[in-house]
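Structure first, commentary second.
The values are calculated or read from the model by the stated rules, or taken from the named source; none is laboratory data. Since the structure is predicted, the reported quantities are computational estimates derived from the model, not experimental observations. No Cβ is skipped: glycine too gets one built from the backbone with ideal geometry, and neighbour counts run over all protein chains shown.
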Amino acid sequence: MSLKPAQPRLFTPPFRANGFIARRTPTRWQVVVRAVATTIDAKPRPVQIIPSVLPADWANMGACVKDLEEAGVDRIQFDVMDGNFVPNLTFGPEMIKACRKYCDVPFETQLMISQYASETMIDEYVAATKGPNGEPGVVIVHVEACDHLHRLLSNIRELGGSPSVALNPSTPASAVENVLDLVDHVLVMTVNPGFGGQAYIPTMVDKIRAIRTMIIERDLDVDIEVDGGIKADKTLAACAEAGANCFIAGSGMFAYSSLKEGCDELRKVATAAQKCDITKM
């Protein structure tokens with residue numbers, strides 16, 4: 001008896017995940033991002049403006065973080081560099097800890113340091129990044145610096161931090177596929193890490209889309225951050241349209257006449273861009 005080959009399904013009904021609608025076609029996942037007012041998680045993920053203190057006056061860091069809090073930022077990022085993983089040297093956990101007494105705004109620490117430093121000092125960075133009442137702070141480790149990424153992210157969670165992961169521009173989105181269920185944020189570097197004021201790399205938009213698609217397919221509660229050359233112009237808008245919702249700005253915020261003006265303008269551009277439909281994924 002001969003059997004007729006099964007006919008391929010031409011359409012799979014849409015499903016909802018984290019405010020997004022995804023439809024599967026015979027050739028690819030087509031993700032249409034839009035606000036859906038009738039469901040609980042219909043809204044786009046909240047926009048978060050996160051200034052980096054890299055361009056700040058380090059001799060007055062306490063006053064700087066206080067000013068940033070008053071400007072209405074969502075978090076403050078500390079870029080930790082060891083001169084090994086990246087060709088620059090900044091500060092360690094003591095600086096971050098010292099800033100905590102000047103403000104209550106959440107902190108996040110991006111560890112651009114070697115694997116040895118990450119693994120041996122992770123408890124100090126998690127502790128320094130916590131909130132004023134011990135709330136979990138965001139601690140970001142780089143895929144490229146960790147042979148045992150799963151273990152390190154799990155350690156951050158166990159120590160009371162918010163584990164997150166970053167990718168350099170040359171690192172493919174697939175590098176985080178197996179740890180997405182362990183993290184709260186994925187940071188897509190839109191410049192090569194190490195120095196502020198670099199030019200934005202526009203091809204990173206495709207990586208943002210790919211990561212957002214993975215998150216939606218697996219119905220995960222994960223934010224996407226972008227860092228590098230982010231300004232209140234088409235760079236930020238392109239990242240927001242692609243699925244990012246957390247925007248790290250250094251010189252792109254400190255260049256304004258006031259920090260509040262910079263924060264408000266970045267948020268305005270990101271929020272407007274989120275309202276656009278994404279039909280090309």
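Could you check the range 208-234 and list, in sequence order, the residues that are buried (at least 20 other Cβ atoms within 10 Å of the Cβ) and in a loop (DSSP other than H, G, I, E, B)?
Of everything in the range 208-234, those that are buried (at least 20 other Cβ atoms within 10 Å of the Cβ) and in a loop (DSSP other than H, G, I, E, B) turn out to be 222, 228, 229, 230, 232.
Select from the range 50-96 the residues that are of a type in the set (Lys, Arg) and over 22 Å from the mean Cα position of the chain (by Cα) and list them in ascending order. So that I can check it myself, show each step before the final result.
Of the residues in the range 50-96, the ones of a type in the set (Lys, Arg) are 66, 75.
Passing the criteria: only 66.
Can you name every one of the helices (runs of 4 or more DSSP H) wholly within the range 48-148 that holds 2 or more residues which are among the acidic types (Asp, Glu) and closer than 22 Å to residue 186 by Cβ?
Working: elements: 61-71, 93-100, 115-129.
Once the helices (runs of 4 or more DSSP H) in the range 48-148 are filtered for at least 2 residues that are among the acidic types (Asp, Glu) and closer than 22 Å to residue 186 by Cβ, nothing remains.
All but one of (1) more than 29 Å from residue 99 (Cβ to Cβ); (2) in contact with a helix residue (DSSP H, G or I) (Cβ under 7 Å, 6 or more places away or on another chain); (3) not aliphatic (A, V, I, L, M) hold for residue 213, so report the exception by its number.
(2)
So, in the range 235-279, of the ones that are assigned to a helix (DSSP H, G or I), of a type in the set (Gly, Ala, Ser) and without any contact (Cβ under 8 Å) to a residue 40 or more places away in the chain, which residue ends up surrounded by the fewest Cβ atoms within 10 Å (Cβ to Cβ)?
Among residues in the range 235-279 that are assigned to a helix (DSSP H, G or I), of a type in the set (Gly, Ala, Ser) and without any contact (Cβ under 8 Å) to a residue 40 or more places away in the chain, the one surrounded by the fewest Cβ atoms within 10 Å (Cβ to Cβ) is 272.
Within the range 164-180, work out how many residues are buried (at least 16 other Cβ atoms within 10 Å of the Cβ) and part of a loop (DSSP other than H, G, I, E, B).
Of the residues in that region, 2 qualify.
Suppose we filter 186, 191, 205 for residues that are touching an Asp or Glu at 6+ places or on another chain (Cβ under 9 Å), under 24 Å from residue 264 (Cα atoms), assigned to a helix (DSSP H, G or I) and of a type in the set (A, V, I, L, M, F, W, C); which single one remains?
205
Consider residue 161 carefully, then state whether it is touching a Gly at 6+ places or on another chain (Cβ under 8 Å), in contact (Cβ under 8 Å) with a residue 60 or more places away in the chain and surrounded by 16 or more Cβ atoms within 10 Å (Cβ to Cβ). Quick ask: steps written out before the conclusion?
Details: touching a Gly at 6+ places or on another chain (Cβ under 8 Å): yes; in contact (Cβ under 8 Å) with a residue 60 or more places away in the chain: no; surrounded by 16 or more Cβ atoms within 10 Å (Cβ to Cβ): yes.
Criteria not met by residue 161.
Could you count how many residues in the range 17-47 are modelled with pLDDT under 50 and either assigned to a loop (DSSP other than H, G, I, E, B) or charged (D, E, K, R) (or both)? Walk me through how you get there before you give the answer.
Here is the first cut: in the range 17-47, the residues modelled with pLDDT under 50 are 17-42.
After this cut, where a residue has to be either assigned to a loop (DSSP other than H, G, I, E, B) or charged (D, E, K, R) (or both) as well, the list is 18-19, 23-28, 34-42.
Residues in the range 17-47 being modelled with pLDDT under 50 and either assigned to a loop (DSSP other than H, G, I, E, B) or charged (D, E, K, R) (or both): 17 in total.
So which residues in the range 77-109 are touching a helix residue (DSSP H, G or I) at 6+ places or on another chain (Cβ under 6 Å), of a type in the set (Val, Ile, Thr) and either in contact (Cβ under 8 Å) with a residue 60 or more places away in the chain or under 10 Å from residue 129 (Cβ atoms) (or both), if there are any at all?
The first filter runs over the range 77-109 and keeps only residues touching a helix residue (DSSP H, G or I) at 6+ places or on another chain (Cβ under 6 Å), leaving 78, 82, 85, 93, 96-97, 99, 102-103, 105, 107, 109.
Among the residues that remain, those that are also of a type in the set (Val, Ile, Thr) are: 96, 105, 109.
Hits for the range 77-109 are 96, 109.
I'm checking my understanding of the structure. Among residues of the range 190-207 that are under 27 Å from residue 82 (Cβ atoms), touching a helix residue (DSSP H, G or I) at 6+ places or on another chain (Cβ under 7 Å) and surrounded by 16 or more Cβ atoms within 10 Å (Cβ to Cβ), which one is modelled with the highest pLDDT? Spell out the reasoning first.
The first filter runs over the range 190-207 and keeps only residues under 27 Å from residue 82 (Cβ atoms), leaving 190-201, 204, 207.
Next cut, touching a helix residue (DSSP H, G or I) at 6+ places or on another chain (Cβ under 7 Å) only: 190, 196-197, 200, 207.
From the residues that got through so far, the ones that are surrounded by 16 or more Cβ atoms within 10 Å (Cβ to Cβ) too are 190, 196, 200, 207.
On the way: 190: 92, 196: 70, 200: 86, 207: 97.
It comes out as 207.
So in the range 114-127, with the set limited to residues that are modelled with pLDDT of 95 or more and touching a strand residue (DSSP E or B) at 6+ places or on another chain (Cβ under 7 Å), which one is surrounded by the most Cβ atoms within 10 Å (Cβ to Cβ)?
125
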